[in-house]
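Report on one structure; see the data block that follows.
The values are calculated or read from the model by the stated rules, or taken from the named source; none is laboratory data. Fair warning: this is a prediction, and the values are worked out from it, not measured in the lab. Virtual Cβ from ideal backbone geometry, glycine too; neighbours counted across all protein chains shown.
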Amino acid sequence: MIVVVALAVSALLGFIAARSSSTGLSVAIGLILGGALGNLSDRLFRGHHGSVVDFITLTHWPTFNVADSCVTIGAILLIVRSLRRAHPAERS
């Protein structure tokens, strides 16, 4: 079930990124899409019983992988972009 949802969301994100005229939006969606597909392929094709391999461990931070980082950075870029667009009068 999670595979079907992930593929549907990935197709939607790919469609939005392809139709976007904004480079920033396309980069943010590309990071999210790449991270999501990376985690999905990890779940499908690695022999870890459907779990994702997290291999980056920092002292005071959760364990994560590159795909998780891409999703997080893409989401932060989308939030920053939407906050900047929400207040255009304050830029002057």
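Structural remarks
- Number of the condition not met by residue 47 [criteria: (1) modelled with pLDDT of 85 or more; (2) exposed (fewer than 14 other Cβ atoms within 10 Å of the Cβ)]: (1)
- Filtered residue count, the stretch 5-20, keeping only those that are within 14 Å of the chain's Cα centre (by Cα) and either surrounded by 14 or more Cβ atoms within 10 Å (Cβ to Cβ) or in contact (Cβ under 8 Å) with a residue 24 or more places away in the chain (or both): 7
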